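Have a look at the structure below, then the notes.
The values are calculated or read from the model by the stated rules, or taken from the named source; none is laboratory data. Being a predicted model, the structure only gives us computed values, none of them experimental. Cβ: placed from backbone, ideal geometry, glycine included. Neighbour counts: every protein chain shown. With ligands, DNA and RNA removed, areas are computed over all heavy atoms of the protein, side chains included. Shrake-Rupley method; radii C 1.70, N 1.55, O 1.52, S 1.80 Å.
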Amino acid sequence: MSNTQENTAEGAALQEESLEGLNVRESPSVWKRLRKHPSVVIGSILLFFVMALVPLASVLTPLDPTEINPRNRNKPPGYEAVYKNDAGEKYTVEAHMGTDKLGRDVFTRVIYGARVSLIVGISVATISVAIGLFIGLFAGYFRIIDTIIMRIMDGLMAIPAILLAIALVALSGATLFTVIIAIVIPEIPRVVRLVRSIVLSIREEPYVEAAISVGTPTAKILLRHVLPNTIAPLIVQGTFICGSAILLEAILSFLGVGVPPEIPTWGNIMAQGRDLFQIFPHNIFYPGIFLTLTVLAINMLGDGLRDSIDPRMAKEI
Amino acid sequence: MWAYLTRRLLSVIPVLLVVATIVFLMLRLTPGDPAANIAGDAATTEDIAKLRVELGLAEPLPVQFGIYIKNLVQGDFGESFYYKRSVISMVADGVGPTLSLALFTIVIACLVAVPLGTLAAYKQGSWLDRTVMGFSVVGFSVPVFVIGYVLIYFLSVKLGWFPVQGYQPINEGIVGWAYRLILPSTALSVIFIALIARMTRTSVLEVLNEDYIRTARAKGLASRKILLKHALRNAAVPIVTIIGIAIGILISGVVVTESVFVIPGLGLLTLDAIQGRDYPTVQALIILFSVVYVVINLVIDLLYTLLDPRIRY
Amino acid sequence: MTEPVLSVSDLTIALPEDGDRANAVTSVSFDVKPGEVLCLVGESGSGKSVIAFSCIGLLAKALKVQSGSIKLQGEELVGVSEDRLRDLRCTRIGMIFQEPMTALNPVMTCGDQIEEVLLEHTNYSAAERRTRVLNMIEQVHLPDPDRMYRSYPHQLSGGQRQRIMIAMALILEPVLLIADEPTTALDVTTQAQILKLIKELQGEKQTGVLFITHDFGVVAELGDSVAVLRQGELVEKDTTHKVLSNPQHPYTKMLIASVPKHEPPERKLIPESNKLVLKTEGLFKRYVTNTFSLGRQEVAAASDISIEIRKGETLGIVGESGSGKSTVARCVTRLIDISDGKVLISGEDIAKKAQRDLGDMRRKVQIVFQDPYRSLNPRRTIGQSIIEGPMNYGTSRKEALSEARELMSLVELDPDGLDRYPHQFSGGQRQRICIARALAMKPELLVADEAVSALDVSVQKQVLALLEDIRNSMQLAMLFITHDLRVAAQVCDSVAVMSNGKIVEYAAAKELFANPQHEYTKSLFEAAPGRHFKFAT
């Protein structure tokens, strides 16, 4: 109740009351901190390369990722595969990463695989953050619906994410859309919890009470005073969700319940290579490396964002 | 305490009810007909209709739900559509391998991660700290099946140190059991080591900033003593909490790991059941896993009272 | 001439590069003699705590002693090894801290924490350690030493914990005790007891004490001599009596003049004809806890509160923490729901109205909170914060902004500051902004909930003066919640003293201060530090 603001003088702002001038202290901008953070820099560069694979795919490889070529089955990396073009002329392309058991070029499939991964990662992150934010705001601010929503969220949290996703995809048919929805659903409760905890702490802040006492309606309080506080944590959370969604998509494909096997995804390539793994490990290793690097890039970016945007959050996520 | 325990046990009921409902709705509302699946390609429409009645799928949804909940309450999980065995007995067969894998993994993870995380916090900013934190980001990012295959390829296929795949029950020899679990557990533990080490570091760092650590220093205690006697004890609650959260991820990881290492546990059983639309088995397994998750988190809540005298129920 | 136990000379401690000044402490020198209590006084940011920590070698890593020396009984401490410092801690230098709530390890019993000192520094047997610890617990006048030994910190009150801290610091009878604002976080009656205990123990053992404080009342109560710090520089140092009754340096003069006096100044009587702005009748706030083991339990945070404030009048509610004074403020502003009773705002009962029907009342009643750092949304410019209220009630942005500019001048801030963000202002300035925000609503009743408690004494004085001015010029009714009797004496026309959720005494300020009736009020008065001291004016 008393003077607990007393500081220990570690360079804290001087409390000198200067009535004529305002003492201005700028903190270094978030942007500046981001640019200096090594994780952010490394993560962004890595991610940039992975993203560049999407528009550049047809430049990097002349082949079709779905084309089956029985003569080129199960070839090791470095094999000079022979193809015919539309005019019937033969040409050879080096299979940098070998071929799979249907003779498809693994390098080509890996390059095209980036597409699905990024689509899944980004859409899952956006959709689950949007839905979670909406539910979380309401749960945090209105006591009555809070109990019901949180019970449902507890129930959803109790079901292991992979099982839930596998079941959803397996039961509703494997398409890119169902895969995305199946990954979104288990992520929602995590976002809801984060948003709700922020709302609960912000609504106790004196500045929110001050807004109440100047007659600001609830909807405006949510929009003006509560919502902005959720943005930074959600950007961070969204980044991590993006990473884990890419992983989960790969796991689903790998287990044979993801997007249809002919679509080139890193998980599908690995699933394809499981049987002959001991002899032809390249089917698993190359897409594995790309998958890992992509997720690593995103997680590093998330780590850096968390440290620079809001260091206090380190504990919550 | 007993009152608290009772209340907590009661609070599990709505969560499980929600789980049961979600599972039921998920299975019944998604397209796909198990009767058609079981009956096979050659079946006529009549055959399928007959099968639907036999399996209880012909009833209206609310009736099916009523029967389903009634059976659940009685502990009756029904019979597998395919194997015509009671689901309970099938689950019982898979518990051994899965439990072995899970326990082995958690033990390895805690033994490695807690000391690493503590050291990293203690030497904040040092090369050790950076290595641990770097490993932790990588550990989060490598999927368990990639680690699994890398381990198999190098340690089993190339060096021949370990069997490639498979499982041996504990009653056929504890050494063989443990030996065959080393690779899968190591693969699965990576993500937990990453998670727990990071959490340990964060909580120890946070505790090290507390006023009572300053008090301990003002008493003239050496840093090592402060770390072990004051900091770690206080960081225990968040560390244990993260282990509880990790159980959910562990269950997911078990499914993938069992698939990679061909361990005949609940994970493989679940995959088979889901792909074959074996409703009773899927229901039973998902509910079982959820019960495990909820119970473990309940146990952890109770553990808090031992770890922190401020928490009394 | 006895050798000083602590001798600090020409001490300079650098701040990190991004600090707001070059040095936290600049060439400070002072001595503490055996049995002497030296009070180091200064406002926040003056560097007083930095000096305290440097004397026991616990400076934050970012701070470095640049030059000068700190000698403990002649032994140089600057640059000495960490091992040597560890040996000295608790054996020859003991330290107690500000926050008794967090300074003890929550998972160890109090006895074990005291015993740890003996384990570290002595070879006593287990039995002997136990006896000594119990003995020490008794010396700090804690009841039932056996039970205290087994207790965890959270089971004790703030005062009891501070006693445990003192026991820990003094069990090996160090020659020097460093006390860093040890009573700041305590209630006034507890503070008086702890000060008495420190005085008693250091007198017995002739311990030298370096006592850090911001409160001249405490200085008057305890100090043999005083050193006044300003921005890391020592501006004045002498015996307590001399400094307090005849300060030399203008800064010291200003500080001492800012200390609110115990006697209420002459005030104009509020005419009976003035409109009754706030009237509560039998106001209750109960909290219901529903636990499985204990069943439904009701706790009354405020019971049977009946108060009245007229236009132009200030009513103070004074009480210690947990007395329910803030509950009353929050009930009156309807930030929390009211369990029972009536709250009449200009005659209209708002106690049972639904939140959405409070629009009219929100115009009339405004509140200023304690914490200036959390009262303004950090993401919105102060202009946006000030015009939020008027715009809710249909004022156009342009009009609201021009009014906001006038209000900024009224609270003595630069009107051009409206498009700045809260972090660009100091604590006192932010509190002025909060006042401006409240005034923008043109309220009839202004509730100030510990509004000056977090401010330094010189800033406090200015903000109090501002509140006085506004009340006079606008003829506001004001409900002034405070824990500080001296502050209440300065601004209140009448005062209600609260304890355990009830009003125990309610009278005109003049009467209450001249002739307190209730035992509790008397004990509060008795406990107020520096009450008998005649400060320079």
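May I ask you to list the residues in segment B:231-275 that are more than 12 Å from chain A (Cβ to nearest Cβ), of a type in the set (Gly, Ala, Ser) and under 16 Å from B:Gln168 (Cα atoms)?
The answer is B:Gly265, and nothing else.
Looking at (1) open to solvent by 50 Å² or more (accessible area, probe 1.4 Å); (2) assigned to a loop (DSSP other than H, G, I, E, B), which is the only condition C:Ile270 fails?
That leaves (1) as the condition not met.
Go through (1) open to solvent by less than 30 Å² (accessible area, probe 1.4 Å); (2) out of contact with any strand residue (DSSP E or B) (no Cβ under 9 Å at 6 or more places or on another chain); (3) touching a residue at least 60 places away in the same chain (Cβ under 8 Å) for C:Ser385 and report which single condition fails.
Result: C:Ser385 passes all but (3).
If a residue must be in contact (Cβ under 8 Å) with a residue 60 or more places away in the chain, open to solvent by less than 20 Å² (accessible area, probe 1.4 Å) and not charged (D, E, K, R), how many such residues does segment C:319-340 contain?
7
Can you name the condition, by its number, that A:Gly173 falls short on among (1) on the phi > 0 side of the Ramachandran plot; (2) within 14 Å of chain C (Cβ to nearest Cβ)?
(2)
Determine if segment C:101-117 includes at least one residue that is buried (at least 20 other Cβ atoms within 10 Å of the Cβ) and farther than 28 Å from C:Asp187 by Cβ.
yes
Residues that are more than 18 Å from C:Phe480 (Cα to Cα) and within 12 Å of another protein chain (Cβ to nearest Cβ): find the helices (runs of 4 or more DSSP H) completely inside segment C:317-398 holding 3 or more of those.
C:359-364, C:382-392
Hey, could you check segment A:122-170 for residues that are over 23 Å from B:Ile286 (Cβ atoms) and not hydrophobic (A, V, I, L, M, F, W, C) and say which is surrounded by the most Cβ atoms within 10 Å (Cβ to Cβ)?
Top of the filtered list is A:Gly136.
Within segment A:214-226, restricting attention to residues that are at the interface with chain C (Cβ under 10 Å from one of its Cβ atoms) and open to solvent by 40 Å² or more (accessible area, probe 1.4 Å), which residue is farthest from C:Gly359 (Cα to Cα)?
A:Arg224
Can you confirm whether segment B:245-266 contains a residue that is among the aromatic types (Phe, Trp, Tyr) and closer than 30 Å to B:Leu101 by Cα?
Yes.
Restricting attention to segment A:234-257, and to residues there that are open to solvent by less than 20 Å² (accessible area, probe 1.4 Å) and free of Cβ contacts under 8 Å to residues at least 60 places away in the same chain, which single residue is nearest to the other protein chains (Cβ to nearest Cβ)?
Taking the candidates together, the pick is A:Phe254.
Could you list, in sequence order, all residues of segment C:48-95 that are farther than 14 Å from B:Gly220 by Cβ and assigned to a loop (DSSP other than H, G, I, E, B)?
C:Leu59, C:Ala60, C:Lys61, C:Ala62, C:Leu63, C:Gln73, C:Gly74, C:Val78, C:Gly79
May I ask you to verify whether B:Leu307 is over 29 Å from B:Ile182 (Cα atoms), at pLDDT below 85, surrounded by fewer than 22 Cβ atoms within 10 Å (Cβ to Cβ) and within 12 Å of chain C (Cβ to nearest Cβ)?
yes
Taking B:Thr202, is it touching a Lys or Arg at 6+ places or on another chain (Cβ under 8 Å), open to solvent by less than 40 Å² (accessible area, probe 1.4 Å) and away from chain C (no Cβ under 14 Å)?
It is true that B:Thr202 is touching a Lys or Arg at 6+ places or on another chain (Cβ under 8 Å), open to solvent by less than 40 Å² (accessible area, probe 1.4 Å) and away from chain C (no Cβ under 14 Å).
Filter segment C:459-480 down to the residues that are surrounded by fewer than 19 Cβ atoms within 10 Å (Cβ to Cβ) and small (Gly, Ala, Ser), then identify the one that is nearest to C:Val365 (Cα to Cα).
C:Ser473
In segment C:497-537, what residues are open to solvent by 80 Å² or more (accessible area, probe 1.4 Å), under 26 Å from C:Arg286 (Cα atoms) and assigned to a loop (DSSP other than H, G, I, E, B)?
Scanning segment C:497-537 gives a single hit, C:Asn500.
Just give me the residues in segment C:1-47 being out of contact with any strand residue (DSSP E or B) (no Cβ under 6 Å at 6 or more places or on another chain), within 14 Å of another protein chain (Cβ to nearest Cβ) and open to solvent by less than 50 Å² (accessible area, probe 1.4 Å), in sequence order.
Once the filter is applied, which keeps residues that are out of contact with any strand residue (DSSP E or B) (no Cβ under 6 Å at 6 or more places or on another chain), within 14 Å of another protein chain (Cβ to nearest Cβ) and open to solvent by less than 50 Å² (accessible area, probe 1.4 Å), segment C:1-47 yields C:Pro16, C:Gly19, C:Arg21, C:Glu43, C:Ser44, C:Gly45.
Write out, first by first residue and then by second, each pair whose Cβ atoms fall under 7 Å of each other, whose residues are 6+ apart or on separate chains, and whose first residue, in segment B:124-144, is more than 10 Å from chain A (Cβ to nearest Cβ) and closer than 17 Å to A:Asp307 by Cβ while the second is basic (Lys, Arg) and in a loop (DSSP other than H, G, I, E, B).
Final answer for the pair search is B:Asp129/B:Lys123.
Give me the helices (runs of 4 or more DSSP H) completely within segment C:177-263, filtered to those with at least 1 residues that are over 25 Å from C:Val28 (Cα atoms), open to solvent by less than 10 Å² (accessible area, probe 1.4 Å) and out of contact with any strand residue (DSSP E or B) (no Cβ under 8 Å at 6 or more places or on another chain), ordered by residue number.
C:188-205
For segment B:230-260, what are the residues that are within 30 Å of C:Gln113 (Cβ to Cβ) and not small (Gly, Ala, Ser)?
Residues satisfying the conditions are B:His230, B:Leu232, B:Arg233, B:Asn234, B:Val237, B:Pro238, B:Ile239, B:Val240, B:Thr241, B:Ile242, B:Ile243.
Which ones in segment A:290-304 are under 22 Å from A:Pro233 (Cα atoms) and surrounded by fewer than 23 Cβ atoms within 10 Å (Cβ to Cβ)?
Within segment A:290-304, just A:Leu296 meets the criteria.
What number of residues within segment C:461-517 are among the basic types (Lys, Arg) and under 25 Å from C:Ala438 (Cβ atoms)?
So the count comes out to 3.
What is the number of the single condition among (1) open to solvent by less than 40 Å² (accessible area, probe 1.4 Å); (2) free of Cβ contacts under 8 Å to residues at least 12 places away in the same chain that C:Ser125 does not meet?
So the condition that C:Ser125 fails would be (1).
Could you check how many residues of segment C:130-162 are at pLDDT 90 or above, under 24 Å from C:Thr207 (Cα atoms) and within 14 Å of another protein chain (Cβ to nearest Cβ)?
4
If you check every pair at least six apart or on different chains, which have Cβ atoms under 8 Å apart with a residue in segment A:286-310 that is more than 22 Å from B:Gly148 (Cβ to Cβ) and within 8 Å of chain B (Cβ to nearest Cβ) first and a residue that is open to solvent by 20 Å² or more (accessible area, probe 1.4 Å) and acidic (Asp, Glu) second?
As it stands, the answer is none, since no pair meets every condition given.
Open to solvent by less than 20 Å² (accessible area, probe 1.4 Å), free of Cβ contacts under 8 Å to residues at least 40 places away in the same chain and assigned to a helix (DSSP H, G or I): does that describe C:Arg432?
The answer is yes for C:Arg432.
Any residue at all in segment B:139-148 that's on the phi < 0 side of the Ramachandran plot and more than 24 Å from the chain's Cα centre (by Cα)?
no
Any idea which residue in segment C:119-135 is farthest from the chain's Cα centre (by Cα), counting only those that are within 21 Å of C:Arg86 (Cβ to Cβ) and aliphatic (A, V, I, L, M)?
Checking each candidate, the answer is C:Leu119.
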